[in-house]
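Remarks on the structure that follows.
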Amino acid sequence: YKPMADILLPKIASEFGSELVVESAHILYSKEPYGLHSDVLSGGHNPDGEIRPAWTFVIPLGDFNSNTILFKEESGNIKTVHEWVDQTKPEVKNLVNEEMYKKYLSHCWMDDLQYLTPEAIFPWTKGSCFAASRYKFHTSDNYLANGVDTKIAIIMWTGYKK
């Protein structure tokens, strides 16, 4: 991955600062839509370790009829929305309407979506970069319903030294 790192790391440092550490990176070959989750514990992150989670980067390696949906809610120590709802008992918001549900989120539990506030929709366009807090909940859309059977991207989970 060195040639890729030689291109991406200077760009990341110029946009996000030289103190940012890439904690984990990989090429994603997705064949099934991801459900609602945060990346706060992804990439082998150790909450008691020396790194404080910062950003998730997604760089699609092609044009895909797919999106990543980002929500405003976040968690510092819980990966799934379902577990977050069980543990924190947030207020019901009902901000995901039926149209949004059918278009993007039909693979998710509506019971979990009622607690979330949509913030952004990121289209998977070759070479673009989705950058969001690792603490924020997000999900893939149901790209299988769009006729996409696989999507490929560079995924990076970053942090700052504590």
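Things worth noting here:
- Residue selected from segment 23-53 under the condition of a type in the set (Asp, Glu) and more than 20 Å from Asn67 (Cα to Cα), by the criterion surrounded by the fewest Cβ atoms within 10 Å (Cβ to Cβ): Asp48
- Looking only at segment 77-115, and only at residues there that are in a loop (DSSP other than H, G, I, E, B), open to solvent by 50 Å² or more (accessible area, probe 1.4 Å) and closer than 22 Å to Ser42 by Cα, the one that is modelled with the lowest pLDDT: Asn77
- The C-beta contact set for segment 19-45 (first residue more than 11 Å from Arg134 (Cβ to Cβ) and charged (D, E, K, R), second residue in a strand (DSSP E or B) and open to solvent by less than 30 Å² (accessible area, probe 1.4 Å), distance under 9 angstrom, 6+ apart or interchain) comprises Lys31/Lys151; Glu32/Ser140.
- Residues in segment 66-122 that are within 26 Å of Lys151 (Cβ to Cβ) and among the basic types (Lys, Arg): Lys72, Lys79, Lys102, Lys103.
- Residue check for Tyr160: assigned to a strand (DSSP E or B) and more than 16 Å from the chain's Cα centre (by Cα): yes
The values are calculated or read from the model by the stated rules, or taken from the named source; none is laboratory data. These numbers come from a predicted model, not from an experiment. Heads up, the Cβs are rebuilt from the backbone with ideal geometry, glycines too, and the neighbour counts pull from every protein chain shown. Please note that ligands, DNA and RNA were not included when accessible areas were found on the heavy atoms of the full protein model with its side chains. Shrake-Rupley method; radii C 1.70, N 1.55, O 1.52, S 1.80 Å.
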